[in-house]
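To start, the structure under review is shown below, and the notes come after it.
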Amino acid sequence: MNALRAVGRAVIMALAIIGRVTIFAADTISHMVRPPFYWREFGVAIMQIGFYSLPVVGLTALFTGGALALQIYSGGARFSAEAVVPQIVAIGMVRELGPVLVGLMIAARVTSSLAAEIATMHVTEQIDALTTLSTNPAKYLTLPRVLAATLVMPILVGIGDVIGILGGFVVGTERLGFNAANYITNTVNFLEFHDVASSLIKGAAFGFIAALMGCYYGMNSGRGAQGVGQATKQSVVAAAVLILAANFILTEAFFSA
C-alpha cells in the first residue's frame, strides 16, 4: 500500500501543477482583451527576448546546420546517396532542428531570466507593491512577456532556419565539394510552404511555453535566495520538457494533416 500511496501522491501533485499552470495561462490570456496594456513593458520584452537572443540563436543554428551536413553526407555515402545533403539539411532544419533548438535556447536564456527576475521581485515584495498600487501583476509582468515571446519566436525560428541552411551550404560547398548553384536550387525546390508554416507555428507555441513557465515559476517562487534559485531551475526544466512534448504533438498533428 505504501507504494500505491506514493504513486497516487505523485499523480495528484502532477495534476495539481497542471491545473495551476492552466489557470495561470488562462488568466494571462484573458488579460489580452482587457485594458490597460503596458506598451513599454511589451517593447522591453521584445528587445530582451528577441533582439538580444539573435547571437546565440544564430551561432547555434550555424554550427548545427554545418554538423548536420557532415553527418548526412557521411551516412549517405554508405548508400551512394550523398547528393541528398541539401534537401535533408533543409527539411531537417526547417521542420525539426530549427524550431526545437531555438526553443531550447530561449528556454535556457529567456525562461531562466524571467523566472529569476520575477522571483526576485516576489522575494523583495515588489509584486505586493504593484498590487498595493492597484496594478495587476499578471497584466503588468506576465502578459507583455508572454505575448512578446509568442510573437518574436517565429521570427527567431525563421532566422535560425535560414542560418542553419546557410551553415549546411557553407560546409557542403567548401568541405564536401557541392556546386553552390545546384545546392541552392535543390534546397529551394525541395522546401514547401507547409514546411515553413509548421516551423513558424512551432516557434510561436514554444515561445508561449518558454515565457509562461518563466513567469509562472517566478510568480510562485519561495522566499529567499534559495527560492529564487529553485524557481529558476524548475522553470527551465519545465519549459524544456514541455517544448519537447509540444514538438511531438505538433509534429504528429502536421504529419496527420
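Here GLY218 does not fit the description of being open to solvent by 30 Å² or more (accessible area, probe 1.4 Å), of a type outside the set (Lys, Arg) and within 30 Å of GLN126 (Cβ to Cβ). The sole residue among GLY98, GLY58, GLY66 that is within 23 Å of ILE249 (Cα to Cα), open to solvent by less than 50 Å² (accessible area, probe 1.4 Å), part of a helix (DSSP H, G or I) and at pLDDT 90 or above is GLY98.
To keep it simple, each residue is scored yes or no on (1) at pLDDT 90 or above; (2) closer than 23 Å to ARG95 by Cα.
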site: GLY168; (1), (2): yes, yes
site: THR187; (1), (2): no, yes
site: SER235; (1), (2): yes, no
site: LEU250; (1), (2): yes, yes
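Of all residues in segment 223-241, at least one satisfies being touching a residue at least 60 places away in the same chain (Cβ under 8 Å), surrounded by fewer than 16 Cβ atoms within 10 Å (Cβ to Cβ), within 26 Å of ILE23 (Cβ to Cβ) and basic (Lys, Arg).
Residue by residue, here is whether (1) part of a helix (DSSP H, G or I); (2) in contact with a Phe, Trp or Tyr (Cβ under 9 Å, 6 or more places away or on another chain); (3) of a type outside the set (A, V, I, L, M, F, W, C); (4) under 18 Å from THR142 (Cβ atoms) holds:
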site: VAL170; (1), (2), (3), (4): yes, no, no, no
site: THR173; (1), (2), (3), (4): yes, yes, yes, no
site: SER199; (1), (2), (3), (4): yes, no, yes, no
site: ALA205; (1), (2), (3), (4): yes, no, no, yes
site: TYR216; (1), (2), (3), (4): yes, yes, yes, yes
site: SER221; (1), (2), (3), (4): no, no, yes, yes
site: ALA238; (1), (2), (3), (4): yes, yes, no, yes
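Just a yes or no: is a residue in segment 37-44 small (Gly, Ala, Ser) and either more than 19 Å from LEU114 (Cα to Cα) or surrounded by 18 or more Cβ atoms within 10 Å (Cβ to Cβ) (or both)? No, that holds for no residue. Residue pairs whose Cβ atoms lie under 7 Å apart, separated by 6 or more positions or on different chains, with the first residue in segment 84-101 and closer than 28 Å to ALA239 by Cα and touching a residue at least 60 places away in the same chain (Cβ under 8 Å) and the second open to solvent by 50 Å² or more (accessible area, probe 1.4 Å) and part of a helix (DSSP H, G or I), are ALA90/PHE190; ILE91/PHE190; VAL94/VAL196.
Restricting the first residue to segment 11-33 and requiring it to be assigned to a helix (DSSP H, G or I), which pairs with a second residue that is modelled with pLDDT under 90 and open to solvent by 50 Å² or more (accessible area, probe 1.4 Å) meet a Cβ separation below 9 Å and a spacing of at least six or different chains? Listed pairs, sorted by first residue: ARG20/ASN220; PHE24/ASN220; HIS31/PHE37; HIS31/ASN136. Output the residues belonging to segment 143-178 that are open to solvent by 20 Å² or more (accessible area, probe 1.4 Å), within 14 Å of the chain's Cα centre (by Cα) and more than 11 Å from GLY98 (Cα to Cα). If the condition is that a residue be open to solvent by 20 Å² or more (accessible area, probe 1.4 Å), within 14 Å of the chain's Cα centre (by Cα) and more than 11 Å from GLY98 (Cα to Cα), then LEU147, THR150, LEU151, ILE155 are the ones that fit.
Among the residues of segment 111-131, those that are open to solvent by 50 Å² or more (accessible area, probe 1.4 Å) and either in a helix (DSSP H, G or I) or touching a residue at least 40 places away in the same chain (Cβ under 8 Å) (or both) comprise SER113, GLU117, THR120, GLN126, ASP128, THR131.
The values are calculated or read from the model by the stated rules, or taken from the named source; none is laboratory data. What you are looking at is a predicted structure, and each value in this text was computed from that prediction instead of being measured. A quick note on method: Cβ atoms are made from the backbone with ideal geometry, for glycine too, and the neighbour counts reach across all protein chains shown. Heavy atoms of the whole protein, side chains included, go into the accessibility calculation; ligands, DNA and RNA do not. Shrake-Rupley method; radii C 1.70, N 1.55, O 1.52, S 1.80 Å.
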